[in-house]
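Peer 1: What follows is a single structure, and I will ask about it in a moment.
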Amino acid sequence: MYTTGVTPPQGVWWKPAHKSEKVWFTISFVWCMVLFAMMPLWHLRGGQNPTGIRARVDPVDYVARVQQFVSDYGTGETESGIPVVAPPPGAEVYLLAAQYQWTPVLQLQEGAEYTLHLSSLDVNHGFNLYPFNVNFQVVPGYDYGLRVTPTEAGDYRIVCNEFCGVGHHLMVGKVLVTPAAAGAAEAASSDPEHVETGGDQ
Ligand code: CUA
């Protein structure tokens with residue numbers, strides 16, 4: 001008979017878990033359950049997710065919507081020729097990502113709600129509203145709508161956070177949020193000569 005010299009253990013060879021091991025099992029199981037519950041809770045209550053407004057769109061058609069948006073509410077151009085648009089509260093706002101530029105520069109009013117549409121002309125880009133933790137994928141062929149209400153006046157940057165080619169690091173756009181009271185007056189008298197573009201930085 002073939003023998004290896006290795007014999008199976010006899011009788012009850014294992015020892016019951018030590019008390020500290022049981023404690024760790026309990027803690028990790030409870031934590032797993034917390035994380036499991038957070039997935040649906042965060043989806044419903046976290047306020048971090050897309051609104052569900054989305055549709056397929058041909059990039060060429062999307063560019064046409066952006067151009068229409070610019071001609072409806074445009075107030076001028078930046079020094080580097082990017083249109084500046086000041087849509088009224090409640091407007092559908094169209095932002096185009098393309099290698100390596102965000103078009104147009106948006107001028108929004110504090111406290112007003114807008115539907116911000118995002119799409120790309122060419123490849124995947126990433127919308128990050130600096131300095132906030134707001135991040136969305138911008139994908140060619142899809143129009144994503146987000147309901148946004150700027151809560152603080154200021155001068156913000158849109159940073160591309162999806163590597164999209166050699167000029168990725170130059171792809172910086174701009175959002176200006178005017179204070180609630182001054183919003184209407186300023187939108188009417190905005191001076192495009194003084195709007196800088198982030199793209200030059
Ligand atoms: Cu666009 Cu990186």
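Peer 1: Would you confirm, using the coordinates I've provided, whether Gly76 is under 19 Å from Pro150 (Cα atoms) and either surrounded by 14 or more Cβ atoms within 10 Å (Cβ to Cβ) or of a type in the set (Ser, Thr, Tyr) (or both)? Explain how you work it out, then say what you get.
Peer 2: Numbers: under 19 Å from Pro150 (Cα atoms): no; either surrounded by 14 or more Cβ atoms within 10 Å (Cβ to Cβ) or of a type in the set (Ser, Thr, Tyr) (or both): yes.
The answer is no for Gly76.
Table: residues versus (1) within 16 Å of the ligand (Cβ to nearest atom); (2) more than 19 Å from the chain's Cα centre (by Cα); (3) touching a residue at least 24 places away in the same chain (Cβ under 8 Å).
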site	(1), (2), (3)
Gln10	no, yes, no
Cys32	no, yes, no
Ala86	no, yes, yes
Tyr94	no, no, yes
Trp102	yes, no, yes
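Peer 1: Considering region 20-67 alone, what residues qualify as being open to solvent by 70 Å² or more (accessible area, probe 1.4 Å), among the β-branched types (Val, Ile, Thr) and under 30 Å from Asp122 (Cα atoms)?
Peer 2: Val60
Peer 1: Still on this structure, I have one more. So which strands (runs of 3 or more DSSP E) stay within region 1-118 end to end and still have 1 or more residues that are modelled with pLDDT under 95 and of a type in the set (Lys, Arg)?
Peer 2: Because the criterion is at least 1 residues that are modelled with pLDDT under 95 and of a type in the set (Lys, Arg), the strands (runs of 3 or more DSSP E) in region 1-118 that meet it are 53-56.
Peer 1: Here's a follow-up. Hey, among Val123, Val93, Val105, which residue is more than 19 Å from Glu77 (Cβ to Cβ) and open to solvent by less than 60 Å² (accessible area, probe 1.4 Å)?
Peer 2: On the way: Val93 fails: more than 19 Å from Glu77 (Cβ to Cβ); Val105 fails: more than 19 Å from Glu77 (Cβ to Cβ).
Sole residue among the options that is more than 19 Å from Glu77 (Cβ to Cβ) and open to solvent by less than 60 Å² (accessible area, probe 1.4 Å): Val123.
Peer 1: Hey, another quick one. When the residues of region 155-165 are narrowed to those that are touching a residue at least 40 places away in the same chain (Cβ under 8 Å) and farther than 17 Å from Pro83 by Cα, which ends up farthest from the ligand (Cβ to nearest atom)?
Peer 2: Of everything passing the filter in region 155-165, Gly165 is farthest from the ligand (Cβ to nearest atom).
Peer 1: Right, next: Which members of region 119-137 meet the condition of being assigned to a strand (DSSP E or B) and within 16 Å of Cys164 (Cα to Cα)?
Peer 2: Scanning region 119-137 gives Ser119, Ser120, His125, Gly126, Phe127, Asn128, Asn135, Phe136, Gln137.
The values are calculated or read from the model by the stated rules, or taken from the named source; none is laboratory data. Keep in mind that this is a model prediction, so the values were computed, not measured. Reconstructed Cβ throughout: ideal geometry from the backbone, glycine too, with neighbour counts over all protein chains shown. Calculation scope for accessible area: heavy atoms of the full protein, side chains included, ligands and nucleic acids excluded. Shrake-Rupley method; radii C 1.70, N 1.55, O 1.52, S 1.80 Å.
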